There are 2 protein chains.
Amino acid sequence: MVSAGEGSARARSLSHVAPADVPLQTALEALADPVRRTILRDLATHDDWSRACGTFDLPVTKATRSHHFAVLRAAGLIEQRDEGARRLNRLRRPEFDAAFPGLLAATIDRAD
Amino acid sequence: MVSAGEGSARARSLSHVAPADVPLQTALEALADPVRRTILRDLATHDDWSRACGTFDLPVTKATRSHHFAVLRAAGLIEQRDEGARRLNRLRRPEFDAAFPGLLAATIDRAD
């Protein structure tokens, strides 16, 4: 049961995990997906908070898209915030690199 | 159907894939398993060809163990050869590092 005090489903879904608290296994599972690496590469080449979830060109359904963003958030790879109807994103590059040195360089800074 | 000319199941299972021919997705899936990282870390800290498959201390059945070694071989991470009843292993570090710079350093050269 969810009490009214816990807010809307949309708001509740924006829990974040700090990269320092993410197990390596979780980080690797998050990176071991081509759609998620596409999202991360896209974020890596754009300014923080400049990309809304709906603007990514992904060959998946809306539900699958939401799942991918949730996995990336839970792995400490992205931060999200809602701005009106848009959900904006940033790659947590500095803090993820501090927790997993070299991992993003070895995975998203290269062609698949 | 398998003809006699293709040799025994044991011999046939020793096909290898060069790291340069391995997709990043395959490499990441191979690394995204704690048992497989245990095997790789173990190999990284021992001389090439000094460890037989049976000597690894792994919390899995013999069939699962064989599966893990097959996944590592298919991802270009290990090389195997049979010596009598023993199947010996080496980590393909130089050639894997050349194909995926920094990926082993970011995954097996750290605690889980």
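The values are calculated or read from the model by the stated rules, or taken from the named source; none is laboratory data. Predicted, not measured: the structure shown is a model, and the values here were computed from it. In this analysis, Cβ positions are derived from the backbone assuming ideal geometry, glycine residues included, and neighbour counts consider all displayed protein chains.
Could you check, for region B:37-59, whether at least one of its residues is closer than 26 Å to A:Arg36 by Cβ, without any contact (Cβ under 8 Å) to a residue 40 or more places away in the chain and within 14 Å of another protein chain (Cβ to nearest Cβ)? Yes, region B:37-59 contains at least one residue that is closer than 26 Å to A:Arg36 by Cβ, without any contact (Cβ under 8 Å) to a residue 40 or more places away in the chain and within 14 Å of another protein chain (Cβ to nearest Cβ).
The set of residues in region A:1-53 being closer than 19 Å to A:Thr64 by Cα, at pLDDT 95 or above and polar (S, T, N, Q) consists of A:Thr26, A:Thr38.
Which one of these is charged (D, E, K, R) and under 18 Å from B:Ile108 (Cα atoms): A:Asp48, A:Asp112, A:Asp97, A:Asp57? If you could, list the steps in order and put the result at the bottom.
Working: A:Asp48 fails: under 18 Å from B:Ile108 (Cα atoms); A:Asp112 fails: under 18 Å from B:Ile108 (Cα atoms); A:Asp57 fails: under 18 Å from B:Ile108 (Cα atoms).
The match here is A:Asp97.
Within the set B:Thr26, B:Thr64, the sole residue that is more than 14 Å from chain A (Cβ to nearest Cβ) and among the β-branched types (Val, Ile, Thr) turns out to be B:Thr64. Evaluated against (1) closer than 20 Å to A:Phe100 by Cα; (2) loosely packed, with under 13 Cβ neighbours inside 10 Å, B:Ala85 falls short on exactly one condition, (1). Among all residues of region B:28-49, there is none that is over 17 Å from A:Glu29 (Cβ atoms), among the aromatic types (Phe, Trp, Tyr) and crowded, with 16+ Cβ neighbours inside 10 Å.
Tell me which residues, restricted to region B:94-104, are without any contact (Cβ under 8 Å) to a residue 60 or more places away in the chain and either farther than 27 Å from A:Ala20 by Cα or touching an Asp or Glu at 6+ places or on another chain (Cβ under 8 Å) (or both). Reasoning before the result, please.
Our first condition is that a residue be without any contact (Cβ under 8 Å) to a residue 60 or more places away in the chain; within region B:94-104, this holds for B:94, B:97, B:101-102.
The one that is without any contact (Cβ under 8 Å) to a residue 60 or more places away in the chain and either farther than 27 Å from A:Ala20 by Cα or touching an Asp or Glu at 6+ places or on another chain (Cβ under 8 Å) (or both): B:Pro94.
Which one is farthest from B:Leu24 (Cα to Cα), of the residues in region A:67-112 that are within 14 Å of another protein chain (Cβ to nearest Cβ) and modelled with pLDDT under 95? The qualifying residue farthest from B:Leu24 (Cα to Cα) is A:Asp109.
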